[in-house]
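The values are calculated or read from the model by the stated rules, or taken from the named source; none is laboratory data. Not measured: the values here are computed from a predicted model. Here the Cβ is made from the backbone with ideal geometry for all residues, glycine too, and neighbour counts use every protein chain on show. Heads up: the accessible areas ignore ligands, DNA and RNA and are worked out on the full protein's heavy atoms, side chains in. Shrake-Rupley method; radii C 1.70, N 1.55, O 1.52, S 1.80 Å.
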Amino acid sequence: FCLLQNQQVLGESICFSSNNMGKGKIFIDGVEGGTDSMGNTYYSRDEMWKNELDRADPTSEKGWYGKGIKYWEDVPASVDGVLGGFGHVTDVDLEESELFYQTLLREGHLKLTEPGRAADCGAGIGRISKGFLCNHFKAVDLVEPVAHFLQTAEKELSGFNDGNYIQIGLQDWVPQQGLYDVIWIQWVIGHLTDEDFVAFMMRCKRGLKEDGVIVLKENACTEGFIVDKEDSSVTRSAVYLEGLCKAAGLSVVAQ
Ligand code: SAH
């Protein structure tokens, strides 16, 4: 997974609850240009997305989503594989997530209702579900488009998860309305285009129970964005990430 020089190795967790904004073209203050892994420079988000999306149908093998899936299909179904060689960070990552989760409960941002249900978005081999979410929720739905990862996840979790294994990209997934206490999105949102990011977050908002939350844990670059041409993902700055979440009508309640 893309961990570039000027990124933090461990993602920041941000937790959102809903407000009522977000329609039409996505405007974000404070995001200028960016770069890509080939050394190209872009003056704006629009220029970068035009360059990425105009060439081929996004779902085709050479398109934005097709290339992303192809990349992950060739990656071994292991912790080190899904973490791009950074398998050693998994314990500290899960510990940090546990602490953040406890803070959400303690500060009243999240109120659980029985039976608890979570979604693990871009779940990979179920690393987060196995090491964290399944300790707290009776059922965790794993959403993951790459077949060999999802099959591994199902084997790993068999016997201690009542949830579903859903083979689909987040750009196409429609969570059932009012179903989730927690929708956990970690180290995956960079695969979504800006428009799909916002539309996905809006669907997630509808998928929450009344006192549910969305948690986004992601690497951020210091400014603008960095496109990874190899796995078809974009690392966004914190301002950029927050701008998209705001456009989806979400506000930050804990960080
Ligand atoms: N969140 C997991 C996996 C991180 S690796 C963890 O932290 O362990 C990134 C994952 O995103 C891979 O499993 C990859 O197959 C998945 N992915 C790539 N494109 C995606 C998309 N469009 N929608 C959902 N998941 C995607």
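At-a-glance table
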quantity: Per-residue SASA entry for D181, accessible area with 1.4 Å probe, Å² rounded to 10; calculated: 0
quantity: Candidates per trypsin sites (Lys or Arg not before Pro) in the stretch 197-255, loop by DSSP, up to 16 other Cβ within 10 Å; calculated: K229
quantity: Relative contact order [Cα under 8 Å, 6+ residues apart], the stretch 32-254, whole percent; calculated: 20
quantity: Residues whose placed amide H lies under 5 Å from that of D36, excluding near-sequence neighbours; calculated: V227
quantity: Pair-distance profile P(r), taking every C-alpha pair of the chain, with 10 angstrom steps and integer %; calculated: 7, 32, 39, 19, 2, 0
quantity: Surface share of carbon and sulfur [accessible, 1.4 angstrom probe, percent] for the chain; calculated: 50
quantity: Radius of gyration and maximum dimension Dmax of the stretch 117-251, Cα, Å; calculated: 14.5, 44
quantity: Net dipole in debye of the chain [+1 Lys, Arg Cβ; -1 Asp, Glu Cβ; about Cα centre; nearest 20]; calculated: 600
quantity: Partner lysines for K50 [C-alpha distance under 17 Å; skip if fewer than 8 residues away on the same chain]; calculated: K25, K62, K67, K229
quantity: Straight-distance crosslink candidates among lysines, where the alpha carbon sits under 22 Å from K209 and sequence neighbours closer than 8 are dropped; calculated: K111, K138, K217, K246
quantity: Å² of accessible area per residue within the stretch 57-212, as computed with a 1.4 Å probe and no ligands counted; calculated: 45
quantity: Rounded to 5, the percent of DSSP beta bridges in the chain classed as antiparallel; calculated: 45
